[in-house]
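Working notes, structure below.
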Amino acid sequence: FLETTAYFCMKPKMGEKEVSPHSFFGIWHEFSSDFKDFWKKENKLILQERVKEAEEVCRQKKGKSLYNIRPKHDSGIVSKICSNT
């Protein structure tokens, strides 16, 4: 524990000789809670961006036809009958 507090440069509070586990883990708990909240928010934003990108790709693919439609040529019987009248 003492090595960990020294690594993080924790100093004892006024009137205390050593850093107490209560003060160290109180600060650590606040940090980890904030980190978890920011992590969740960031992941949510990344997920929303990916969903938007996927929707855009889907829209682009829907816009492109998988086959070509050619105009109908007037070469059938009905067109010959209609053109004679």
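Please treat every number below as a calculation from the coordinates, not as lab data. No experiment lies behind these values; they were computed from the predicted model shown. When we count neighbours, we look across all protein chains shown, and the Cβ atoms used for this are built from the backbone with ideal geometry, even at glycine.
At-a-glance table
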| item | result |
| --- | --- |
| Pairwise FRET efficiency - K52 versus E30, Cβ, R0 = 35 Å, nearest 0.05 | 0.55 |
| Contour minus Cα-Cα distance for K40 and K11 (0.36 nm per residue) | 7.3 nm |
